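Trainee: If you scroll down you'll find the structure; I have some questions about it.
The values are calculated or read from the model by the stated rules, or taken from the named source; none is laboratory data. Please read these numbers as outputs of a predicted model, since none were measured by experiment. In this analysis, Cβ positions are derived from the backbone assuming ideal geometry, glycine residues included, and neighbour counts consider all displayed protein chains.
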Amino acid sequence: MREILKAKDICKSYFEAGRELTVLKGLNLEVNKGEIVFVVGHSGVGKSTLLHLLGALEKPTAGESYLNGVNLYKLKEQERAKLRNEKVGFVFQFYHLLPEFTAWENVMMPALITINNPDRAGQKTAVIKEKAIKMLEEVGLGERVNHRPSQLSGGEEQRVAIARALINDPEIVFADEPTGNLDTENSRSIMQLIRGLNRRRKQTFVIATHQEKLGESGDRMIRIVDGKAIEEGK
């Protein structure tokens, strides 16, 4: 399998009240294209921090991370922002949908940012809208495209968020506790959706969760222990 993501000797420290708190300590990780990799561990071990670093939302204290051979931390901030928007999808525990917009309008947002990009100058708003509606149909919300977030259940909101993460056909999707705000039935449904998208689209997912049972359903499970990544046997 082709390697899509590689993290090398990642360290991350924060400073609070004059004290240094080291979360990640020389962490190494590799992800292959088309995999579902779960990152597990107790709250506070650095799962969210790791996803933010791998997705170029933050920079590490030390270490390197490569997405398809591109060193994320060598890029200028504008270049990193462009890469995040076009190559990376994000799904969070709290859906971060814009309440005043419909489902399809929320899904469109990342694609609208790319309209003025010379590489994607041919994109038109009408085309993006059509794609957004198709994405919503793919995640099972074909009849809810005109609903606003307040008219959707939690599980439906998360499906909108997943469709939004996929609108730009990212190379990899990072999901931070995507079922953490859902009940058991909706959690199961969301994971079935993710596995279906993975199979149909060959889409790569890196998913952080404290629910270890979910981790058993992926291709691989990585546990963060003392700031380092330990691969668990299936």
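Trainee: Given the residues 37, 23, 31, which is the only one that is touching a residue at least 24 places away in the same chain (Cβ under 8 Å), of a type in the set (Val, Ile, Thr) and within 18 Å of residue 162 (Cβ to Cβ)?
Mentor: 37
Trainee: When you go through 34, 69, 63 one by one, which is the residue that is small (Gly, Ala, Ser), under 18 Å from the mean Cα position of the chain (by Cα) and at pLDDT 90 or above?
Mentor: Checking each option against the conditions leaves just 34.
Trainee: All but one of (1) among the aliphatic types (A, V, I, L, M); (2) under 25 Å from residue 67 (Cα atoms); (3) part of a helix (DSSP H, G or I); (4) touching a Leu at 6+ places or on another chain (Cβ under 9 Å) hold for residue 193; state the number of the condition that does not hold.
Mentor: The single condition residue 193 does not satisfy is (4).
Trainee: Kindly indicate the residue of region 24-54 that is in a loop (DSSP other than H, G, I, E, B) and of a type in the set (Gly, Ala, Ser) and also surrounded by the fewest Cβ atoms within 10 Å (Cβ to Cβ) among those meeting that condition.
Mentor: Top of the filtered list is 43.
Trainee: Please verify whether residue 176 is touching an Asp or Glu at 6+ places or on another chain (Cβ under 6 Å) and within 23 Å of residue 55 (Cα to Cα), treating the condition exactly as stated.
Mentor: No: the conditions fail for residue 176.
Trainee: Within region 140-171, can you find the residues that are of a type outside the set (Gly, Ala, Ser) and assigned to a helix (DSSP H, G or I)?
Mentor: 149, 151, 156, 157, 158, 159, 160, 162, 164, 166
Trainee: Pick out the one residue from 86, 105, 20 that is of a type in the set (D, E, K, R), surrounded by fewer than 21 Cβ atoms within 10 Å (Cβ to Cβ), under 14 Å from the mean Cα position of the chain (by Cα) and more than 22 Å from residue 231 (Cβ to Cβ).
Mentor: Going through 86, 105, 20 in turn, the sole match is 86.
Trainee: Another question, then. Looking at region 214-221, is at least one residue within 22 Å of residue 83 (Cα to Cα) and part of a helix (DSSP H, G or I)?
Mentor: Among the residues of region 214-221, not one is within 22 Å of residue 83 (Cα to Cα) and part of a helix (DSSP H, G or I), which makes the answer no.
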